[in-house]
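To start, the structure under review is shown below, and the notes come after it.
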Amino acid sequence: MKEEMANRVCPECGYPILGRTGKVFCSDGCRTRFNNNRRKDANQIMRKVNHILRTNRSILEECINRGLETVRKPDLLEMGFDFDHCTATGISSTGMAFRYCYEFGYTLLDGDLVGLVKKNGNSFI
């Protein structure tokens with residue numbers, strides 16, 4: 001048993017592990033680095049998607065704050081809007097499908113027009 005304990009090394013830095021039997025890492029720093037590195041890829045994907053969602057939200061907010069109820073799809077694309085990402089979808093009482101970036105929503109209208117809405121609690125402005 002003592003021989004097994006003497007052969008334990010930290011999976012992060014390779015230094016010997018001293019202390020209790022079930023200890024896996026030589027220090028809290030190594031444990032933290034190991035787990036952060038393990039989650040790094042997932043975190044990068046989440047950061048990228050969150051950046052896209054924040055950009056979409058900002059674009060919709062800017063358009064709505066300028067008093068626009070509709071905007072041309074090419075104009076949104078030019079501003080950097082990504083139609084492939086949203087936080088929620090919904091159907092209005094009139095049967096129109098909406099996609100949301102947080103509280104700001106849009107629906108595709110005839111031609112290249114996009115209708116804009118802002119959700120305020122359970123109602124729309």
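The values are calculated or read from the model by the stated rules, or taken from the named source; none is laboratory data. All of these numbers come straight from a predicted model, not from anything done at the bench. All Cβ positions, even for glycine, are placed from backbone atoms using ideal geometry, and neighbour counts span all protein chains on display.
Taking into account only those residues within region 83-106 that are aromatic (F, W, Y) and closer than 16 Å to K118 by Cα, which is surrounded by the most Cβ atoms within 10 Å (Cβ to Cβ)?
Pass one, region 83-106, residues aromatic (F, W, Y): 83, 98, 100, 102, 104, 106.
Checking which are closer than 16 Å to K118 by Cα leaves us with 98, 100, 102, 104, 106.
Numbers: F98: 19, Y100: 20, Y102: 16, F104: 22, Y106: 25.
Residue satisfying both the conditions and the ranking: Y106.
Just one of N56, N35, N7, N50 is free of Cβ contacts under 8 Å to residues at least 12 places away in the same chain and surrounded by 12 or more Cβ atoms within 10 Å (Cβ to Cβ); which is it? Spell out the reasoning first.
Values: N56 fails: free of Cβ contacts under 8 Å to residues at least 12 places away in the same chain; N7 fails: surrounded by 12 or more Cβ atoms within 10 Å (Cβ to Cβ); N50 fails: surrounded by 12 or more Cβ atoms within 10 Å (Cβ to Cβ).
Only one candidate passes the filter, namely N35.
Please find, within region 22-55, the residue that is farthest from D84 (Cα to Cα) out of those that are among the polar types (S, T, N, Q) and either under 10 Å from the mean Cα position of the chain (by Cα) or assigned to a helix (DSSP H, G or I) (or both). Talk me through it step by step, then tell me what you get.
Quick first cut of region 22-55, residues among the polar types (S, T, N, Q) only: 27, 32, 35-37, 43-44, 50, 55.
Okay, now just the ones that are also either under 10 Å from the mean Cα position of the chain (by Cα) or assigned to a helix (DSSP H, G or I) (or both), so 32, 35-37, 43-44, 50, 55.
Working: T32: 34, N35: 31, N36: 29, N37: 29, N43: 20, Q44: 18, N50: 13, T55: 12 Å.
This residue is T32.
Inspect all residues belonging to region 3-14 and state whether any of them is touching a Cys at 6+ places or on another chain (Cβ under 7 Å) and not acidic (D, E).
Step one: of region 3-14, the residues touching a Cys at 6+ places or on another chain (Cβ under 7 Å) are 10, 12-13.
Subsequent filtering for residues that are not acidic (D, E) retains 10, 13.
The answer is yes; a qualifying residue exists.
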Residues satisfying the stated conditions in region 65-103, i.e. part of a loop (DSSP other than H, G, I, E, B), in contact (Cβ under 8 Å) with a residue 40 or more places away in the chain and over 21 Å from V49 (Cα atoms): L68, E69
As an exercise: evaluate M79 against (1) modelled with pLDDT of 90 or more; (2) farther than 30 Å from G111 by Cα and give the number of the one condition it does not meet. (2)
Can you pull out the residues in region 20-74 that are acidic (D, E) and closer than 15 Å to C101 by Cα? E61, E62
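In the list G111, G67, G90, G80, which residue meets the criterion of being touching a strand residue (DSSP E or B) at 6+ places or on another chain (Cβ under 7 Å) and farther than 30 Å from R33 by Cβ? Spell out the reasoning first.
Numbers: G111 fails: touching a strand residue (DSSP E or B) at 6+ places or on another chain (Cβ under 7 Å); G67 fails: touching a strand residue (DSSP E or B) at 6+ places or on another chain (Cβ under 7 Å); G80 fails: touching a strand residue (DSSP E or B) at 6+ places or on another chain (Cβ under 7 Å).
After ruling out the rest, the residue left standing is G90.
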Quick one: which of I59, I64, I52 is modelled with pLDDT of 95 or more, in contact with a Gly (Cβ under 8 Å, 6 or more places away or on another chain) and closer than 18 Å to G105 by Cβ? I59
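Given the criterion of a type outside the set (A, V, I, L, M, F, W, C) and within 30 Å of V117 (Cβ to Cβ), identify the matching residue among G80, G14, G29, G22.
G80
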